[in-house]
Amino acid sequence: EMIPLFEMINSILFELKVGKVTFYHNPYAPIPNKLIRATDQAFVKQVVSYLQQHMLSTNLTVSQIASDLSYNHHQFIGKVYGILGLTVLDLLNLIRVNKSMELLKSKENTPFQVTFMVGFSDLNHFT
């Protein structure tokens, strides 16, 4: 069963907060939401929502994302990395891969089609 993206991100936040197993070893760990500051949750949701809406753009830049969300470029990068332990581009790729898994699960599209449906510009980036 597919775990929603926000649960995966909450898992990252939890694991970083308590210093346990990293996200890459256990991305589906259950999350006690009380351990995540509300302001950080709101920020992550804002960023993820933006990235989900713009993931098809193959020329999306971190500067553009920061500007559109009313953040200074460097502050934005630092805040995303400080909360999630991921770069903005890693987060974007995580969102794209999550969407890819949904699309591939339905078996209505080929991996080649899905590559472009989620904003990857080249099949090599997808595999």
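The values are calculated or read from the model by the stated rules, or taken from the named source; none is laboratory data. It should be emphasised that the depicted structure is a prediction, and the values quoted were computed from it without experimental measurement. Every residue, glycine as well, gets a Cβ built from its backbone with ideal geometry; the counts of neighbours run over all protein chains shown. Quick note on the areas: whole protein, heavy atoms, side chains included, nothing else; ligands and nucleic acids left out. Shrake-Rupley method; radii C 1.70, N 1.55, O 1.52, S 1.80 Å.
Taking only pairs six or more apart or across chains, which ones have beta-carbon atoms under 9 Å, a first residue in the stretch 37-63 that is within 21 Å of K99 (Cβ to Cβ) and in contact (Cβ under 8 Å) with a residue 60 or more places away in the chain, and a second residue that is assigned to a loop (DSSP other than H, G, I, E, B) and among the hydroxyl-bearing types (S, T, Y)?
These pairs meet every condition: T58/S121.
Does the stretch 39-56 contain any residue that is open to solvent by less than 60 Å² (accessible area, probe 1.4 Å), out of contact with any Cys (no Cβ under 9 Å at 6 or more places or on another chain), among the acidic types (D, E) and within 22 Å of E7 (Cβ to Cβ)?
Looking for residues that are open to solvent by less than 60 Å² (accessible area, probe 1.4 Å), out of contact with any Cys (no Cβ under 9 Å at 6 or more places or on another chain), among the acidic types (D, E) and within 22 Å of E7 (Cβ to Cβ), one finds at least one in the stretch 39-56, hence yes.
So how many residues does the stretch 70-95 have that are open to solvent by less than 20 Å² (accessible area, probe 1.4 Å) and either over 14 Å from I9 (Cβ atoms) or among the aromatic types (F, W, Y) (or both)?
Residues flagged as open to solvent by less than 20 Å² (accessible area, probe 1.4 Å) and either over 14 Å from I9 (Cβ atoms) or among the aromatic types (F, W, Y) (or both) within the stretch 70-95 amount to 1.
So how many residues does the stretch 102-121 have that are more than 18 Å from L89 (Cα to Cα) and in contact (Cβ under 8 Å) with a residue 60 or more places away in the chain?
Looking only at that region, the number is 2.
Quick one: which helices (runs of 4 or more DSSP H) sit completely within the stretch 10-127 and have at least 2 residues that are modelled with pLDDT of 75 or more?
38-54, 62-68, 73-84, 88-105, 111-117
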